[in-house]
Structure formats: C-alpha cells, structure tokens
1. When you scan the stretch 66-84, do you find a residue that is in contact with a strand residue (DSSP E or B) (Cβ under 8 Å, 6 or more places away or on another chain), over 21 Å from LEU260 (Cα atoms), modelled with pLDDT of 80 or more and of a type in the set (D, E, K, R), even just one?
2. For the stretch 412-437, which positions are touching a residue at least 60 places away in the same chain (Cβ under 8 Å) and either in contact with a helix residue (DSSP H, G or I) (Cβ under 8 Å, 6 or more places away or on another chain) or within 15 Å of GLU213 (Cβ to Cβ) (or both)?
3. From the list ARG195, ARG216, ARG285, which residue is at negative phi, surrounded by 15 or more Cβ atoms within 10 Å (Cβ to Cβ) and not aliphatic (A, V, I, L, M)?
4. Quick one: what pairs do we get from the stretch 467-496, first residue more than 30 Å from GLU66 (Cα to Cα), second modelled with pLDDT of 90 or more and among the polar types (S, T, N, Q), C-beta under 6 Å, 6+ apart or different chains?
5. Would you check if there is a residue in the stretch 257-275 being small (Gly, Ala, Ser) and under 21 Å from THR459 (Cβ atoms)?
6. Could you look through the stretch 477-495, keep only residues that are of a type outside the set (Asp, Glu) and in a loop (DSSP other than H, G, I, E, B), and pick out the one that is nearest to LYS72 (Cα to Cα)?
7. More than 30 Å from ASN190 (Cα to Cα) and modelled with pLDDT of 50 or more: does that describe ASP22?
Amino acid sequence: MDSRKPSIGNSDVVILGHGRLDIIALGLLLAILLSGCTALGPNYAQPEAAVGPNWLEIEDPLVTSEPPADPKWWQTAFQDPDIDQLVETALEQNLTLRSAGLRVLQSQQRLAIAVGNQFPQQQQASGSASRQKSGGITFENYSLGFNLSWEVDFWGRFSRQVESASAELDASVSGYDSVLVSLVSQVAQNYILIRTFQDRVDVARENIKLQEESLRISKAKFDAGEVSELDMDQAESLLNNTKATVSSLEVSLQQLKNSLAILLGKPPQEFSYLVGEKRGIPTVRADIALGMPQDLIRRRPDVRIAERQLAAQSAQIGFAVTELYPHFSISGAIGTSAVNINDLFNSAGQTWNLFGLFEWNIFNYGRLKSNVRLQDALFQQLLVDYRNTVLQAQVDVENAIVAYLKSHEQLAAYRLAVAASQRAVDVSKTQYQEGLVSFNTVITNLTSHVQQQDRLSSTRGSVADNLVQVYKALGGGWEIRANKDPVDLLPPAMKEEMRERTKAWEGVLQ
C-alpha cells in the first residue's frame, strides 16, 4: 500500500476541487427539507371520558360547587401549626418524593436524547499520524477528517419519538404530583390518627378513674356486709380490662408515630419532638367546597398520568408505521491528508465524499405489521384504562363526600349518646349506694360509657380524616409544585452530590 495515498474510513476518496463544497451544503440542505415531511400514523387528540354533570350530594347544604380556594388545603381546613410543620418537613425530606423527582429528571433526559436523534446521528472526528522505514527510506503519513451520517426524518420517525418522550415526561411530572398529593394526605391522616389515639388514651384513663371509684364503693359495701364479693370482682374485672385497652392503644399510637417518621424521611428516634406537645383532635368546618366534576376530575394526577401515557403510546403507533417505509440517509466525510505535516492543511491534500442511501425492510412486512397492530392494541388498552381511571376517580370523590357528610351526623349522635351515658353512670352509682339497684346496672353503664366515649373520640378523628380523603380524592395540593423545572424538584444537597459524581451535570443541575 502506498503510504502517501490519503484515506478516510472505508469510503472512496475524491480530491476536493474548486467550488465543490457547495455540493455538501446542498446535500445537508436537502436533508433538512426532507425532514419536514408529515409524520405517519394517527395524530393524538385527548379522548372523551364520561364525567357526571354534578356530585350526588350537591343538594346538601354543606356542599358547594365553588372550587377550593387554597391549594394548601391543610392550612385552611385545620389551622393546626403542627400539621403545617409536618407537611413542610415531609415535602423537603420525604425519600419517595425525591425518588419521584429523579424519575422526572430521567424522563427529561430521555426527551433530550429523542430530540437529539433528529440531528446527525453519527458524528466522528478522526486523525492519524504514522512513520515507518523500509529499505532505508522513511515514510510519513498524516490525516485529519470528520465523518457525518444523517438519517432523514422523512416519515416523521424521529418526531414521533420526540412526541412520545414528551408525553412520557408529562406523565412523570404527573407521577410526581400523585406522590405529592398522597404524601400530604398521609401526613395529615397520620397526624389526625395520632391525635385521635392520644385522645382515646386520655378517655380510657379518665374511665379508669371512674372505675377505680366504683371498685372503692363496691369494696366499702362488701366490707360493710351489704353486698357479696361478686360486686367487687366485677368492678375489678372491668377496671383491668380498661387498663389493658390503654396498653393496646399506646402500641398503635407508637406505630403511627413510626409511620409518620418514615413519611418525614427521619428515623423514629428523631421524630418525637414534632408531636411532643399534646393537642386535641383537629376540628373542621362542616361545609366544603368541591368544584365541578369536569373541572377537577381531569386534573387529578392519576387521570393525567393515564392520559399522558395514552398520548405517548399514540406516538408509538406512528413510529411503528414508519418501519414499513424506506429509511433515507445522507453520509459524507471531509478531511485532509499529507505525507508531510506542514502540508496537512494545503488544498492539495483536502478530501471529501458525499453519498446517500436507503434501507427498506421489504422482507419483514409481516413482523412490522404485527408490531403496528401490537402498538395499536396497547393504545386501545390504555384508552380503556384511562376511561376506567376517570370513572374510578368519580367514585373515590363520591365515597369521600358521603363519608365526610355522614361522619358529621354520627358525631352529633355520639355527642348525645355520651351525654346520656354520663348521666346514666351518675344515676346508677347514686342508686347503687342507696341500695336501689344491683351492681350489674352500674357495671353495664360504666361499660357502655367507656365505649360511647371511645366511639366519640374515634368519630371526631374520622370527621377530620374523611375531609383529608375528600381533598385527596379531588387531587388537591399538586398545584404547590407551581410548574417547577425538574431540577428544582431535587434538594440542593442531592444536586451537589450528583455534580460531584459526574461533571456532565454542570450547567444542568444548578
């Protein structure tokens, strides 16, 4: 092989003549023009989904069709500084939410890759230098070149990939919103349950005092020979059962605190100070603003996820259709070669080539058509799933509304029941001391009273918990994301950690 013969890659080399660079420019311009052709496959339009004209309980005087005024509904609904602090801490430190933010960042980079595929797919700079001696003669050869290969987006092949990746990015953002809504709701619910169990423990301990007093009375009457030992045994049995209930409630209370610690991204040992001071069960107003179904249901994160996944799959149909058609590419190279390094950039050493080609999988039509049918079947399944998600969302809201309204009715009834049971306890104790009733009557009333008070505490907690369920079902709270860029969903310390691991994030993770 003549060491002075210039070469670039595996292509034939043509010496660059005067005015021939315009041919390369013309070829690149042709690629740009061809890439603007119409994309094949269906163009996506958001499908219809059945949504009721109004909520079932809209006639209830406590329900209005006005939209909730504040995205931070937990602040206006409860006005409890502990809930506000816990939610704020969870939004900053919850690990599941951080993971969702990273999934958004991943989707953003996939979209960037898809966008990049619309431009030259293979770009390579190369160079070489060699020196050899043979027969007393030293040969040198130097070359420098640049190769370019560009598949023209003639059928919208790459634009469909961009469309799909863009919809997937939207879906990942909605996934982040879904985690956010769930997180806020879980924090509020765990806090309400903690306060509810604390109240139930207090109620049980108050009843222990009442039962200890009844045991004292029965013991005094037994010592006086007025009653048998049976009365004292019954009083002692009820007392110890109530003490055992306190232990059971305290186990559940600590488990709830541990669960809340996980939501805050903290070990349980670092959590107790956040709910150290006892407060009552959060109270709420009875009336509630729900908005109109059409306005709210489609804004729910899970509904938006389903719709965006549907849009992404629609683009995949178009991408599969493009496989049935030929693919056009333009490739070329430009460079220079010389036997003396000082001549490397002289015009005599310049080389270039330019060529076009197409590929057509004409013998794989059966497989390619099956793939089109597969992608369309997947789209149809996602369409059914989307409509089912819309229906399920309406059921979730309706269930939460009726539970909230009926829990208010239960609360009013249990308040009356507790007042009546308290009167019954007081009367039965007096009558027992006077010998007018047996101790069974006292035991029955004491047992009923502790149950009624416990139900009242549980129902007070249920009212607040059901309101949380209403806002969760409506998808309330996701708006606080405020259209943040994906990189803004990550805490500064995590972004710094990623920048230190690879310099590729410089200029991206600020």
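1. No: zero hits.
2. Step one: of the stretch 412-437, the residues touching a residue at least 60 places away in the same chain (Cβ under 8 Å) are 425, 429, 432-433, 435.
VAL425, LYS429, TYR432, GLN433, listed by residue number.
3. Only one candidate qualifies: ARG195.
4. PRO486/GLN108
5. no
6. Our first condition is that a residue be of a type outside the set (Asp, Glu); within the stretch 477-495, this holds for 477-478, 480-484, 486-487, 489-495.
Checking the rest, the ones that are also in a loop (DSSP other than H, G, I, E, B) come to 477, 482-484, 490-491.
Values: GLY477: 6, ALA482: 12, ASN483: 16, LYS484: 17, LEU490: 20, PRO491: 21 Å.
Per the stated criteria, the residue is GLY477.
7. Criteria met by ASP22.
Quick grid of which residues meet (1) surrounded by 13 or more Cβ atoms within 10 Å (Cβ to Cβ); (2) part of a strand (DSSP E or B):
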{"position": "SER314", "(1), (2)": "yes, no"}
{"position": "ALA333", "(1), (2)": "yes, yes"}
{"position": "PHE345", "(1), (2)": "no, no"}
{"position": "ALA348", "(1), (2)": "no, no"}
{"position": "THR351", "(1), (2)": "yes, yes"}
{"position": "PHE355", "(1), (2)": "no, yes"}
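The values are calculated or read from the model by the stated rules, or taken from the named source; none is laboratory data. Quick caveat, the model's predicted, so the values are computed rather than measured. Glycine gets a Cβ as well: all are built from the backbone with ideal geometry, and neighbour counts include every protein chain shown.
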